[in-house]
């Protein structure tokens, strides 16, 4: 499990591509030096003369290339710092990682660093003994700088694309939407039950979190294997992204006389999840939702005052939560039918009530005076209602009533209040189709 966590950290680190490309540059420089020095073999007769240069010309070209790569790297790092500062101040500190971990960005860094490394190594090993030979080092340097220039142009294009709010929001939405669909496909093959169905269970053993931190990933397959091996029922009460302390109960074990409990059961369950110092998006699509919420809140702040960006985020948030509104709150049940369902895993599912509170309550507080922000929030609730199951409709009704209560305290013009009434009426129509209704705002 730890190896998988290490691999994930390496893949998400900003130095992966620079290190890989630098190693490639070292290998390439070594091969070119071996070929040019003719120590082990001589293949000069197979190399077109147009690809070779004198040592003096190669030194001049490589010196220029090394200087060019240093200049490009300086500009690139300066531009990156400006972009990161803008991401932090205008959007959210949490979205900085989304820019840094873009493969195109890190590959550009890798090409610039490795190009400089190739030029320096080649210059170091061009000796006087090679003065009578035609060598390849300068030619490969020219090829490298051409690749670097193309990469630099792509980097500038990517920066221009990434700093646009609409593109950032679209990328966050696509990431969250894909993760939600994956989650739905994963749990579709299992049964779901409400929390009230396990209220009568009497826990016999509680498992505490192995450490403090955020749950980065839960290995449900391994948890189910543990349940099957020990012939017990495990109820896992935490979700990826939640913060836990070493005193929190993360799982409850139910067993009978037929169970075969191991002495290291707690340790095995503790090793079935990764806990880190910060949230990640490995299994936690709610983290992407939180990023969208933070971008919207930043846009609503007096310093930014960009309600259109907030409205864009609210529309996307409504579509994301709509996909979750058809899921049942409670637990997803994975059973071992070969053992008469005695061994099973109950994994907690997402609660729409909490998701709605975390998503919209702050935006209602900060955006309740802007009529267009208010209308977009009401429309988002309507979109969520479109795919909601019966139990979740009652939850949406509660949040709609809360929104209506907040809006009744605001001083809107008659025309604005009429638009709000129209949107609430459309929601009311959807509610009444399911046998649920809401009241009207007072004029």
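None of the figures in this text is laboratory data; all of them are computed from the coordinates on show. Note that this is a predicted model, so its numbers are computed, not measured. Note that each Cβ is placed from the backbone with ideal geometry, even for glycine, and that neighbours are counted across all protein chains shown.
The value of relative contact order for the chain, using C-alpha pairs under 8 Å at least six residues apart, is 15 percent. Any chance you could give the angle, 0 to 90 degrees and rounded to 10, that helix 16-37 forms with the longest Cα principal axis of the chain? The angle comes out near 20 degrees.
Think of it as helices only: each DSSP H run of n ≥ 4 in the chain is worth -39500 (n - 2.57), and spread over all residues that comes to -20000 deg cm²/dmol at 222 nm. Across 345, 181, 319, mean-square fluctuation computed from a Gaussian network of the chain (C-alpha pairs under 10 Å connected) peaks at 181. Angle, helix 220-230 long axis vs. longest principal axis of the chain, Cα atoms, 0 to 90°, nearest 10? Roughly 70 degrees between the two axes. Highest GNM mean-square fluctuation among 411, 209, 151, for the chain modelled with Cα contacts below 10 Å: 411. Using a cutoff of 8 angstrom between alpha carbon atoms and counting only pairs six or more residues apart, the relative contact order for the stretch 2-163 works out to 42 percent.
Result for the chain in a Gaussian network model with C-alpha springs under 10 Å: among 274, 263, 316, the largest mean-square fluctuation is at 263. With viscosity 1.306 mPa s and temperature 10 °C, the Kirkwood radius over alpha carbon pairs of the stretch 2-163 converts through Stokes-Einstein to a diffusion coefficient of 91 µm²/s.
Compute the long axis of helix 390-408 from its Cα atoms, compare it with the longest principal axis of the Cα atoms of the chain, and write down the angle in degrees, 0 to 90, nearest 10. Once rounded, the angle reads 90 degrees. Applying the Kirkwood pairwise sum to the alpha-carbon positions of the chain produces a hydrodynamic radius of 26.3 angstrom. As an equivalent ellipsoid, the stretch 247-389 spans semi-axes of 41, 18, 10 angstrom, where each value is the square root of five times an eigenvalue of the C-alpha gyration tensor, largest first.
Alpha carbon centre of the stretch 25-63 versus the stretch 287-301: separation in Å? Comparing the Cα centres of the stretch 25-63 and the stretch 287-301, I get a distance of 54 Å. Can you classify the stretch 353-432 as rounded, prolate or oblate using the Cα gyration tensor, where a ≥ b ≥ c are the square roots of its eigenvalues, rounded means a/c under 1.5, and otherwise it's prolate if a/b beats b/c and oblate if not? Judged from the Cα gyration tensor, the stretch 353-432 comes out oblate (a/c at least 1.5, b/c at or above a/b).
Principal semi-axes of the equivalent ellipsoid, √(5λ) from the alpha carbon gyration tensor of the stretch 183-308, are 35, 17, 13 Å from largest down. Note on the stretch 20-97: percent of Cα-Cα distances in each 5 Å bin, starting at 0 and stopping at the bin with the largest distance, equals 3, 11, 11, 16, 14, 11, 8, 7, 6, 6, 4, 2.
Spacing of the modelled spin labels on residue 164 and residue 245, each 7 Å from Cα toward Cβ, amounts to 4.7 nm. The Cα center of the stretch 112-171 and the Cα center of the stretch 323-390 differ in position by 48 Å. Divide the volume of the convex hull around the Cα atoms of the stretch 171-250 by the residue count and you get 132 Å³ per residue.
Summarising the label geometry, the points placed 7 Å from Cα in the beta-carbon direction at residue 387 and residue 103 lie 2.7 nm from one another.
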